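So the structure is just underneath, and the comments pick up after that.
Computed from the coordinates by the stated procedures, all read-outs in this text should not be read as laboratory data. If you're wondering where the values come from, they're calculated on a predicted model, not measured in any experiment. All Cβ positions, glycine included, derive from the backbone under ideal geometry; neighbour counts span all protein chains shown.
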Amino acid sequence: MNGFLSEKFSSLVPYVPGEQPKERKFVKLNTNESPYPPSPKALKKAKEAAENVKLYSDPECLKLRKALAARFGVNKDNVICTNGSDEVLNFAFAAFCDEKRPAVFCDVTYGFYTVFADFNRVPKTVIPLKSDLGVDVDRLCVTPGTLFIANPNAPTGIALGSDEIKRLVESDEKRVVVIDEAYVDFGAESCVGMVWDHPNLLVTQTFSKSRSMAGARLGFGIGSEELISALETLRYSTNPYNVNSVTLAMGEGALEDEDYTGKNCAVIAENREFLIRELKKLGFFVTDSRANFVFCRHEKLSGEEVYSGLRERGVLVRHFGAERIKDFNRITVGTKEECGVLLAALEEMTGGKKQ
Ligand code: PMP
């Protein structure tokens with residue numbers, strides 16, 4: 001109980017970010033960061049921009065918005081830039097939900113959704129995943145409110161196809177549908193192309209994962225001018241300089257080097273498929289992930305045992321306490337070498353391959 005905290009936030013339970021250990025060198029596979037450095041073009045632009053930080057950053061983020069618009073085939077007024085995609089998501093909860101429009105999301109999904117709903121004091125409707133851990137599209141289509149869907153979903157990694165996204169977006173064209181594509185570049189289908197025909201669709205993406213810029217904090221949203229201008233109202237009402245000038249420049253550099261991003265994503269996707277095959281040989285059930293992580297449960301060891309056994313062996317993964325997924329761990333796909341270290345540790349813990 002904090003006597004200084006406003007009563008309206010007294011029951012707020014904050015999001016718990018994945019551990020960022022300082023004391024010991026772990027093979028760090030717990031927060032879905034990229035194992036690769038940012039593009040050299042991004043680094044060069046960042047260094048140049050650092051010379052000029054005595055000035056405020058461009059509140060319109062104009063150069064970056066134009067570059068994103070060109071990259072995604074939309075206009076600059078269809079794009080908003082934010083401090084990580086967490087910020088655009090938070091704005092979306094604030095802008096598009098209220099007493100009459102609850103936030104609707106899945107029981108197993110990105111943990112921040114529930115925090116954003118509570119922070120903005122909007123009602124929540126939570127829809128369970130199906131028994132195969134897939135998103136229940138039929139049920140979401142008939143549930144009133146503003147939809148928030150991570151695609152691929154986290155922490156399962158399972159992706160919906162664009163026909164299913166279309167069904168969700170068209171289920172009620174008067175409600176906003178937010179598709180969080182934080183992990184889309186690793187092998188799922190983006191629905192950005194649908195924003196032209198669907199003014200109620202907001203797509204969010206990030207530079208944190210595929211473009212190796214998690215610490216620079218850069219995210220963006222793409223949608224109709226009407227949706228984007230609603231979000232801009234909130235951005236200008238909180239912090240018009242939300243994206244700092246070094247990060248803006250870095251983002252522009254990264255977009256000039258989409259080949260570099262594409263190659264890194266292809267290697268990660270290849271490593272993921274290798275990891276899935278090897279984990280199955282060690283007795284794991286593994287979901288069909290399209291993201292830069294795998295989600296797996298061992299036939300004998302509990303989720304907690306896998307987590308702590310790996311930790312003792314210097315490998316950090318993410319374990320969630322929620323009842324439905326407590327037997328699972330989410331493991332970021334790293335380099336081939338990191339996958340090797342992980343698999344060697346698991347082999348020791350599980351007694352080796354079955355086949
Ligand atoms: N969406 C999902 C599903 C995520 O897992 C994350 C990363 N934790 C984010 C959004 C936000 O990422 P960022 O703020 O770094 O863009």
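Things to note:
- Considering only the chain, percent of DSSP beta bridges that pair antiparallel, nearest 5: 55
- Near the amide H of Ser57, within less than 5 Å, lie the amide hydrogens of Ser245, all on another chain or at least 5 residues away, with H placed in the peptide plane.
- Pair-distance profile P(r), taking every C-alpha pair of the stretch 217-264, with 5 angstrom steps and integer %: 5, 16, 19, 22, 19, 11, 7, 1
- J(HN,Hα) series, the stretch 95-106, from Karplus relation 6.51 cos²θ - 1.76 cosθ + 1.60, nearest Hz, glycine and proline x: 7, 10, 10, 7, 3, 8, 10, x, 7, 10, 8, 7
- Alpha carbon centroid spacing (whole Å) that separates the stretch 6-55 from the stretch 232-278: 12
- Close amide H partners of Thr125, meaning residues 5 or more places away or on another chain with modelled amide H under 5 Å apart, are Ala103, Val104, Phe105.
- Those Cys residues of the chain for which no other cysteine Cβ falls under 4.7 Å: Cys97, Cys106, Cys141, Cys191, Cys265, Cys296, Cys339
- Seen through its C-alpha gyration tensor, with square-root eigenvalues sorted a ≥ b ≥ c, the stretch 1-75 comes out oblate because a/c lies at 1.5 or above while a/b is not bigger than b/c.
- Reported to the nearest whole Å, the Cα centre-to-centre distance from the stretch 196-210 to the stretch 108-154 is 17.
- Model label sites at Glu305 and Lys336, defined 7 Å from Cα along the beta-carbon direction, differ in position by 3.3 nm.
- Shape category assigned to the stretch 55-94 from the gyration tensor of Cα positions, a/c cut at 1.5: oblate
- Pairs of Cα atoms nearer than 8 Å and 6+ residues apart set the relative contact order; for the chain it is 23 percent.
- Kirkwood's formula applied to the C-alpha pairs of the chain gives a hydrodynamic radius of 21.1 angstrom.
- Packing-based ranking, highest mean first, of 20-29, 88-97 given that Cβ atoms within 10 Å are counted: 88-97, 20-29
- Estimated FRET transfer efficiency when R0 is 45 angstrom, pair Glu51-Asn2 (beta carbons, to 0.05): 0.60
- Summary of packing: across the peptides 40-51, 278-289, the per-residue average of other C-beta atoms within 10 Å ranks them, highest first, as 278-289, 40-51.
- Anisotropy class of the stretch 131-253 from Cα gyration tensor, a/c 1.5 cut: oblate
- Computed on the Cα atoms alone, the convex hull of the stretch 209-306 gives a volume of 157 cubic angstrom per residue.
- Mean ellipticity per residue at 222 nm, deg cm²/dmol - from DSSP H runs of n ≥ 4 across the chain, formula -39500 (n - 2.57): -11500 deg cm²/dmol
- Ordering of 346-354, 9-17, 160-168 by packing [mean C-beta count within 10 Å, highest first]: 160-168, 346-354, 9-17
- Check: the stretch 121-245 dipole with +1 on Lys, Arg Cβ and -1 on Asp, Glu Cβ, in debye: 560
- Euclidean distance of C-alpha centroids, the stretch 60-98 and the stretch 291-355, integer Å: 35
- Unsatisfied cross-links (Cα-Cα over 21 Å) in the set Lys45/Lys209; Lys41/Lys63; Lys22/Lys45; Lys41/Lys263; Lys130/Lys166; Lys209/Lys353: Lys22/Lys45; Lys209/Lys353
- Per-residue ³J(HN,Hα) for the stretch 344-352, Karplus 6.51 cos²θ - 1.76 cosθ + 1.60, θ = phi - 60°, Hz, x for Gly and Pro: 5, 5, 5, 4, 4, 6, 9, x, x
- Along the axis of the charge dipole computed for the chain (Cβ charges of +1 for Lys and Arg, -1 for Asp and Glu, origin at the Cα centre), the listed residues Phe148, Thr109, Trp196 are led at the positive end by Thr109.
- Residue separation of Lys130 and Glu348 scaled by 0.36 nm, minus their Cα-Cα distance, works out to 75.1 nm of gained length.
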